[in-house]
Amino acid sequence: MKIRDILKAKKFVFSLEIFPPKPEADISVIYSTLDELKQLKPDFVSVTYGAGGSNRGRTVEIADRINNHYKIPALAHLTCVNATKDYIMEVLTQLKSKGVENIMALGGDLPKDVKDPIKDFRHASDLVAFIRKSGFDFSIGVAGYPEKHPAAPSMEKDIENLKIKVDAGADFITTQLFLDNDFFYSYRDRVQKAGINVPVIPGIMTATKLLNLEKMTAMCGVSIPERFRTATATCAIDNPVCDETVKYTVNQINHLIKHGAKGIHLYSMNKAGQNMRIYNESAIAGMRK
Ligand code: FAD
């Protein structure tokens, strides 16, 4: 099923993101996680894509499995820097042949080891336009950044660029993680004021090791609010499931729901237990009754 139709049909949409195990790791690990997470009956599950193409096959394989074995609409991520039109067309054809109907169209980070990483696509908007012209009818999601994309000169410019991306044919926006909901609310307002009329789904990082969170937020230009640091002060830096971070995430989700979020997209980090806990302890379950 296409995500644009799910978004039209439901007042609230719940989804999960997973990432493929490294090429050398056993792929069945992710299926054990999905065996548990499927109990949450997500409206869709997204699967990330290695920008270098190293686990491209795995993204298609896992999206196929989500769609056809678990019978959950799959959202396959696809990045376009360093890619040619032929390569993208090949991936689109593979996804279509597996019945995958949804693509998260991304720029991707420029690889450091490639001399000229810009081939046929420069920005995600080029990929959206290419998919729209491909003849395949995918529902398309794009990325949004409540604290601005790190490379954008200003939030105004980033929103202008977001509009180009959506006008090229995107159906919805999923945000980068954020730990302070005020960034999301002010971003959603700016998006609406810019005349961008597609749903903005908040992406929420589920409780992970503080150590990993520190690394991730620094990499993505996401700030850690003082109240998060205070709330999690007693958590050990490498404890994978700390009660305080779970509580913080549950409160963050409940606040978003109370303030009209169209859905919640959980960055599951491939961890079934803590995502099930967050789902059950938050208002998500109640929104789906
Ligand atoms: P773009 O939309 O191209 O934006 C990148 C930068 O270029 C921004 O600063 C933007 O303002 C600017 N820009 C955009 N269009 C224009 C234009 N026309 N003219 C001038 N400037 C422009 N990475 C992966 O490798 N694999 C994944 O699976 C993956 N999944 C993600 C999922 C989500 C929800 C998010 C938020 C990010 C994800 N990423 C993933 C990371 C993403 O690839 C990086 O953040 C990347 O740096 C930018 O991708 P983008 O799609 O936002 O690119």
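Quick look at the values:
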item: Euclidean distance of C-alpha centroids, the range 127-191 and the range 90-126, integer Å; result: 16
item: Dipole-positive endmost among Tyr145, Pro23, Val114 within the chain (Cβ charges, Cα centre); result: Tyr145
item: DSSP-assigned coil residues among GluC sites (Glu not before Pro) in the range 1-88, each with at most 14 further Cβ atoms within 10 Å; result: Glu24
item: Cα centre as origin, Lys/Arg/Asp/Glu Cβ charges: the chain dipole, Debye; result: 720
item: Candidate aspartates and glutamates - alpha carbon under 13 Å from Lys96, same-chain residues fewer than 8 apart omitted; result: Glu61, Asp64, Asp137
item: Virtual spin-label span in nm between Asp35 and His259, 7 Å along Cα→Cβ; result: 4.0
item: Label point 7 Å beyond Cα of Ala194 along Cβ direction - residues of the range 139-153 with amide nitrogen under 18 Å; result: 140-153
item: Centroid-to-centroid separation of the range 1-66 and the range 241-270 [C-alpha atoms, Å]; result: 19
item: Amide H partners (placed H, <5 Å) of Thr175, local residues excluded; result: Gly144, Ile201, Gly203
item: Beta bridges by DSSP in the range 3-287, antiparallel share as percent, to the nearest 5; result: 0
item: Any cysteine of the chain lacking a neighbouring Cys Cβ under 4.7 Å - listed by number; result: Cys80, Cys220
item: Spatial extent of the chain: Rg and Dmax, with the Cα atoms as the point set, Å; result: 18.1, 54
item: Inter-probe distance in nm under a simple model that places probes 7 Å from Cα toward Cβ, at Asp86 and Lys119; result: 0.9
item: Spin-label pair Ala218/Glu160, simplified geometry with 7 Å Cα→Cβ offset, distance in nm; result: 3.3
item: Long-range tail of P(r) for the range 85-214 (Cα pairs > 21 Å, %); result: 47
item: Trypsin sites (Lys or Arg not before Pro) lying in DSSP loop within the range 116-151, provided at most 11 other Cβ fall within 10 Å; result: none
item: Gain in span if fully extended, Asp238 to Arg288, counting 0.36 nm per residue against the direct Cα distance; result: 14.7 nm
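FYI, it's all coordinate maths here, none of it is from the lab. The structure displayed is predicted, hence computed values, not measured ones. Here the Cβ is made from the backbone with ideal geometry for all residues, glycine too, and neighbour counts use every protein chain on show.
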